[in-house]
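To start, the structure itself, in structure tokens.
The values are calculated or read from the model by the stated rules, or taken from the named source; none is laboratory data. The structure displayed is predicted, hence computed values, not measured ones. Methodologically, a virtual Cβ is constructed for each residue, glycine included, from the backbone with ideal geometry; neighbour enumeration extends over all protein chains shown.
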Amino acid sequence: MYPVPKAASGFGHEDKARVMTDIAEFDLAQAGPRVTGHGLDAWIAEARELMKLAAPLVITQLAQMAIMTTDVVMLGHYSAAALASAALGNTAFFFCWLIGCGPVAAVSPMIAHILGARPNDRAGVRSVVRMGFWAVLITSVPLIVLLLFVRPIMLAFGQAPELARGAGLFTSVLCFGLPFSLGYQVLRNFSTALSRPKASLYVMLLCIGFNAVADYALIFGHFGAPRLGILGSGIASASSYTFAFLAMLAVVRLTPALRKYRIFRRFHRVHAEKLAEVFRLGLPIGLTMMFEAMLFNASMLVMGTFGMRYVDAHQIALNVPSITFMVPLGIGMAATVRVGLAAGARDGEGVRRAGYSAIAMGAGFMALTGIVLWLFPRQIASLYFDNPAANTDVIALAAVFLHVAAAFQIVDGIQVVSALSLRGLKDARAPMWIAGASYWLAGAPMCVLLAFGLHMKGLGIWIGLAFGLLVAAAAMTWRFRHLSRDR
């Protein structure tokens, strides 16, 4: 069992005095009220609090998908080469972003534990946020340097020189948006842990418009801007990350419930214990995300060996569950906070209630999407073509893949919500090993066996991916049951 920190851990005399003076003005609702009691009423109350927190997070995730879709559509209209180069560049950027995002993801459960144990501990919350920003500064420098060498890296991996040059040009400017993107995530996790998820939602909605205008101007040369193509897309994306960070910072400063924490107070002071915990929790979280992402990225490369028709069908079939996945992901992010609040208060029943409520919600939604994907796969795949009649072979293959996607919708929802519920318990290393084993010791070999050993090609790849998700869902759920039962 991952130990819950004692209430007095890292809590000095100065902090105690500040807490005592803050008690009179504390509003428990800002920390997301913890549900107490027993029976059906308690479960209904927990589900209600979970939905209040999850709904803005889900919409925020869908808004981020809208931003990525805008980039793809505009680059696709500019040129196929620019789109392919940006795809390579974004793969490298996403890899670096995952590394940097791991420590940042630790901010939310750390704050939730503090508020669950000591609802008035502003100093503790502030030190976590401050060390989250320190982690961004520490990780960003080497990651930016790595992104500046994308061109020779892509050439070393055998990519076409033209695509490698375009990818290198793209990341040479995009890399400077990395620290702002990670900084935005710190602020977002801070506001989410304080049950203020609408703050990041408003910012992301503004960012959709900002990104679209910047892409339109800098890629195609409108509004008096130069026509920069793929370089313009990189500049627009980096500018959007910067805009999101500054807008989120403004929202934090303008929201009284967030401003009162004065997160930049004594920014130069290092809290060694909190900084170590940010990396101790965050690095396994980053690796957990990378294990899954790397398997799905590798599946795209393998599909290329079967022909362009398989690549196109695979891309369509992946895009659809990627959209539906945003809902259980948002529910899981809310579960991190709700489970963390109960764990910080040493409320074992509350931990189980929050985690199981979130798992049921995620599975229930994905069951509905699974039914839709199973009944209408051809119609969904046809939406991706201006002339479906000219692409019947790709649509037919995508429909086969979407049937498999329909089958794994429920387990995909369960595995992500379970993993994020474990994050609320500050359990990071075990989910990392579970993800590595599920996707690379179970899923990947199954893909190879079915695709090449049994000559099932693309269908074998998709069944292997589904198998990896099934193993991950079962193991993550068992792990949460084990830890929550011990509490």
Fill in the blank from the handout: Tyr202 meets each of (1) in a helix (DSSP H, G or I); (2) touching a residue at least 40 places away in the same chain (Cβ under 8 Å); (3) surrounded by 22 or more Cβ atoms within 10 Å (Cβ to Cβ) with one exception, condition (3)
Exercise for the section: Could you please tell me which pairs satisfy a Cβ distance under 7 Å, a separation of 6+ or placement on different chains, a first residue in the stretch 131-144 that is of a type in the set (Phe, Trp, Tyr), and a second residue that is surrounded by fewer than 20 Cβ atoms within 10 Å (Cβ to Cβ) and assigned to a helix (DSSP H, G or I)? Expected result: Trp134/Leu275
Handout entry: Selection count where residues are over 23 Å from Ala451 (Cβ atoms) and either at pLDDT 90 or above or buried (at least 23 other Cβ atoms within 10 Å of the Cβ) (or both), scope the stretch 381-401
Key = 0
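Residue by residue, here is whether (1) surrounded by 24 or more Cβ atoms within 10 Å (Cβ to Cβ); (2) farther than 27 Å from Ala193 by Cα; (3) assigned by TED's automatic domain parsing to the domain that holds Ser299 holds:
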{"position": "Leu420", "(1), (2), (3)": "yes, no, yes"}
{"position": "Gly443", "(1), (2), (3)": "yes, yes, yes"}
{"position": "Ala451", "(1), (2), (3)": "no, yes, yes"}
{"position": "Lys457", "(1), (2), (3)": "no, yes, yes"}
{"position": "Gly460", "(1), (2), (3)": "no, yes, yes"}
{"position": "Ile463", "(1), (2), (3)": "no, yes, yes"}
{"position": "Phe467", "(1), (2), (3)": "no, yes, yes"}
{"position": "Leu470", "(1), (2), (3)": "no, yes, yes"}
Handout entry: Condition broken by Val394, with the remaining ones in (1) closer than 29 Å to Leu194 by Cα; (2) part of a helix (DSSP H, G or I) satisfied
Key = (1)
Practice task
Would you mind stating whether Phe267 is within 21 Å of Leu137 (Cα to Cα), of a type outside the set (Ser, Thr, Tyr) and surrounded by fewer than 19 Cβ atoms within 10 Å (Cβ to Cβ)?
Solution key: yes
Handout entry: Unmet requirement for Thr192, which otherwise passes all of (1) of a type in the set (Val, Ile, Thr); (2) at pLDDT 90 or above; (3) surrounded by 23 or more Cβ atoms within 10 Å (Cβ to Cβ)
Key = (2)
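State whether one or more residues within the stretch 191-198 are in contact with a Lys or Arg (Cβ under 9 Å, 6 or more places away or on another chain), under 28 Å from Ala54 (Cβ atoms), touching a residue at least 12 places away in the same chain (Cβ under 8 Å) and in a helix (DSSP H, G or I).
Looking for residues that are in contact with a Lys or Arg (Cβ under 9 Å, 6 or more places away or on another chain), under 28 Å from Ala54 (Cβ atoms), touching a residue at least 12 places away in the same chain (Cβ under 8 Å) and in a helix (DSSP H, G or I), one finds at least one in the stretch 191-198, hence yes.
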Practice task
Quick one: Pro377 ticks every box in (1) surrounded by fewer than 21 Cβ atoms within 10 Å (Cβ to Cβ); (2) touching a His at 6+ places or on another chain (Cβ under 9 Å) except a single one, so which number is it?
Solution key: (1)
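Hey, among Tyr310, Tyr261, which residue is surrounded by 14 or more Cβ atoms within 10 Å (Cβ to Cβ), touching a residue at least 12 places away in the same chain (Cβ under 8 Å), more than 20 Å from the chain's Cα centre (by Cα) and not in a helix (DSSP H, G or I)?
Tyr261
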Handout entry: Set Pro119, Pro142: member being modelled with pLDDT of 80 or more and either outside the structural domain of Arg196 (by TED's automatic domain parsing) or outside any helix (DSSP H, G or I) (or both)
Key = Pro119
Practice task
Please indicate, with yes or no, whether at least one residue in the stretch 160-176 is under 18 Å from Trp97 (Cβ atoms) and among the aromatic types (Phe, Trp, Tyr).
Solution key: yes
Exercise for the section: Answer with yes or no whether Arg353 is within 30 Å of Thr336 (Cβ to Cβ), crowded, with 22+ Cβ neighbours inside 10 Å, touching a residue at least 24 places away in the same chain (Cβ under 8 Å) and among the basic types (Lys, Arg). Expected result: yes
Practice task
Tell me which of these Arg338 doesn't satisfy, since it passes every other one: (1) more than 30 Å from Ser299 (Cβ to Cβ); (2) surrounded by fewer than 21 Cβ atoms within 10 Å (Cβ to Cβ); (3) charged (D, E, K, R).
Solution key: (2)
Problem - Sole exception among (1) of a type outside the set (D, E, K, R); (2) farther than 20 Å from Asp427 by Cβ; (3) surrounded by fewer than 20 Cβ atoms within 10 Å (Cβ to Cβ) for Gly348, by number - result: (2)
Fill in the blank from the handout: Checked Ala212, Ala164 against criteria (crowded, with 22+ Cβ neighbours inside 10 Å and either touching a Ser or Thr at 6+ places or on another chain (Cβ under 8 Å) or assigned to a helix (DSSP H, G or I) (or both)); the one match is Ala164
Fill in the blank from the handout: Note: among Phe170, Phe180, just one is in the same structural domain as Gly116 (by TED's automatic domain parsing) and surrounded by 24 or more Cβ atoms within 10 Å (Cβ to Cβ), namely Phe170
